Amino acid sequence: VYKDILRVQSGSDSQIYNGTPLMCHDYTILSGLAYGDYLDDINFIVSIEDVGIESNVMSFVVRNSYGQDISSHYLIFIQYGRLQVTPREIVITLGSAEKEFDGEPLTCETITYTGSLVDGHEIYIEFGDSITNVGICDNTPSVIDIIDEYNNSYLRNYKVTIIDGLLKVTPKSK
């Protein structure tokens with residue numbers, strides 16, 4: 001039994017992570033669909049929300065001009081498009097502080113950031129450094145995460161750059 005070869009390509013799309021699913025319902029008939037036949041019951045099975053790449057898998061039925069399913073008359077090749085979510089970029093700058101020596105540890109738990117967080121997300125940082133004696137050290141985080149209100153981590157969806165601050169204790173003036 002001879003079958004016509006039908007070639008179809010599903011669409012591709014991309015977005016920077018924004019917390020919403022990415023879908024693409026575009027497709028192109030590359031070749032082989034006979035006059036009067038058409039695609040019906042088209043389903044796009046995949047969506048992607050987190051950073052990554054997925055094939056844009058689709059399914060369909062081929063019908064003739066009478067609406068009859070004639071999919072079995074075709075040898076069907078589907079070239080799947082790509083759905084890609086890329087990381088959202090954010091730069092976090094940790095604060096700096098300076099004081100004269102007083103025997104107490106110096107810490108600084110302030111931050112600023114550039115870029116934007118998805119609504120409902122916040123930066124969670126535990127600071128790990130302090131300095132007591134005269135000197136300088138980096139103010140670095142011991143833990144960093146991007147979380148929602150339920151403490152679910154979304155760090156994997158962000159490209160985070162950290163700029164350390166400085167902690168400086170100077171000699172006590174006389």
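Numbers below:
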| item | result |
| --- | --- |
| Any hit, segment 132-142, residues being under 15 Å from the mean Cα position of the chain (by Cα), on the phi < 0 side of the Ramachandran plot and among the hydroxyl-bearing types (Ser, Thr, Tyr) | no |
| Hits in segment 136-162 (condition: more than 30 Å from residue 48 (Cβ to Cβ), surrounded by 13 or more Cβ atoms within 10 Å (Cβ to Cβ) and not acidic (Asp, Glu)) | 137, 139, 140 |
| Residue that is nearest to residue 165 (Cα to Cα) [pool: residues in segment 88-119 that are loosely packed, with under 12 Cβ neighbours inside 10 Å and touching a Gly at 6+ places or on another chain (Cβ under 9 Å)] | 112 |
| Residue in segment 64-74 that is open to solvent by 70 Å² or more (accessible area, probe 1.4 Å) and under 27 Å from the mean Cα position of the chain (by Cα) present | no |
| Condition check for residue 19: within 30 Å of residue 155 (Cβ to Cβ), touching a strand residue (DSSP E or B) at 6+ places or on another chain (Cβ under 8 Å) and in contact (Cβ under 8 Å) with a residue 60 or more places away in the chain | no |
| Residue list for segment 67-122, restricted to those being of a type in the set (S, T, N, Q), out of contact with any strand residue (DSSP E or B) (no Cβ under 7 Å at 6 or more places or on another chain) and farther than 30 Å from residue 57 by Cβ | 110, 116 |
| Subset of segment 116-169 that is among the polar types (S, T, N, Q) and part of a strand (DSSP E or B) - its residue that is farthest from residue 17 (Cα to Cα) | 139 |
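The values are calculated or read from the model by the stated rules, or taken from the named source; none is laboratory data. Everything numeric here is computed off the predicted structure, so don't read it as measured data. Cβ coordinates were reconstructed from backbone atoms using ideal geometry, including for glycine residues, and neighbour counts include every protein chain displayed. Just so you know, the surface numbers come from the protein's heavy atoms only, side chains and all, with ligands and any DNA or RNA stripped out. Shrake-Rupley method; radii C 1.70, N 1.55, O 1.52, S 1.80 Å.
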